[in-house]
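See below for the structure under consideration.
The values are calculated or read from the model by the stated rules, or taken from the named source; none is laboratory data. The structure presented is a predicted model; accordingly, all values stated were derived computationally and were not measured. Reconstructed Cβ throughout: ideal geometry from the backbone, glycine too, with neighbour counts over all protein chains shown.
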Amino acid sequence: MNHCDIPTHFIKKIDKKSQLLKKVDIIPIEVLVRNFFAGSLSKKFGVKEGTQLSDTLIEYCLKSDELGDPHISSEHILNLGLCDFDELELIDEYSLRINDILRSTFYSIGINLVDFKLEFGICKKTDELVLADEISPDTCRLWDLKTNKKLDKDRFRRDLGNIEEAYEEVLNRLNLTI
Ligand code: TMP
């Protein structure tokens, strides 16, 4: 993402399990970016999972364990002072650009990016708004393009089994080494 002009908290990989990151104040919202109906959106509107949305949809949840991470609107975000108007505009812009990058990357390896979650923060040193999250099968819905096989955390959430194999499949297709 840094190479695609999306600023992030990532500085460098230290070893297999450690990364050096910029210190940020996390903006307490989860940004949900959706290309297809699935999960809570399908449940809310009774629309079959896998139905394409006519346009990419951005939703927000408040990060609050006590309140159960409720869905909130942009007006809620601004009224609660969770971030300001310009920051929210930048969050939306980055989220849509990240979606474009991820969608084409996954498409090129035969995977449909159904939806995903992002978090952002303000860098303590520079005051810059940065992506401050992992992007992985834990935080995305990834379906095989041909078979619609789920290659993401829904295998765990829905007790489908073979979660490790699914994650390895994504990794192998991305041709990454860890
Ligand atoms: P949802 O359908 O459960 O609202 O989730 C939408 C997407 O966001 C899905 O890819 C899972 C991801 N997500 C997280 O990674 N963490 C979360 O806390 C939530 C609510 C969603």
Out of 118, 129, sole residue that is within 11 Å of the ligand (Cβ to nearest atom), under 19 Å from residue 21 (Cα atoms), buried (at least 17 other Cβ atoms within 10 Å of the Cβ) and aliphatic (A, V, I, L, M): 118
Within region 130-178, tally of residues that are part of a helix (DSSP H, G or I), in contact with a strand residue (DSSP E or B) (Cβ under 7 Å, 6 or more places away or on another chain) and among the hydroxyl-bearing types (Ser, Thr, Tyr): 0
Filtered residues of region 69-83 (kept if under 14 Å from residue 28 (Cβ atoms), in a loop (DSSP other than H, G, I, E, B) and out of contact with any Cys (no Cβ under 6 Å at 6 or more places or on another chain)): 70, 80, 81, 82, 83
Filtered residue count, region 106-115, keeping only those that are in contact (Cβ under 8 Å) with a residue 40 or more places away in the chain and more than 16 Å from the ligand (Cβ to nearest atom): 2
Failed criterion for residue 59 (all others in (1) in a helix (DSSP H, G or I); (2) charged (D, E, K, R); (3) closer than 22 Å to residue 157 by Cβ hold): (1)
Of the criteria (1) of a type in the set (D, E, K, R); (2) within 16 Å of residue 118 (Cα to Cα); (3) away from the ligand (no atom under 16 Å from the Cβ), which one residue 17 fails: (2)
Neighbours by Cβ (under 9 Å, 6+ apart or cross-chain): first from region 53-79, closer than 15 Å to residue 41 by Cβ and of a type in the set (Phe, Trp, Tyr); second modelled with pLDDT of 95 or more and near the ligand (Cβ under 10 Å from one of its atoms): 60/30; 60/31; 60/32; 60/71
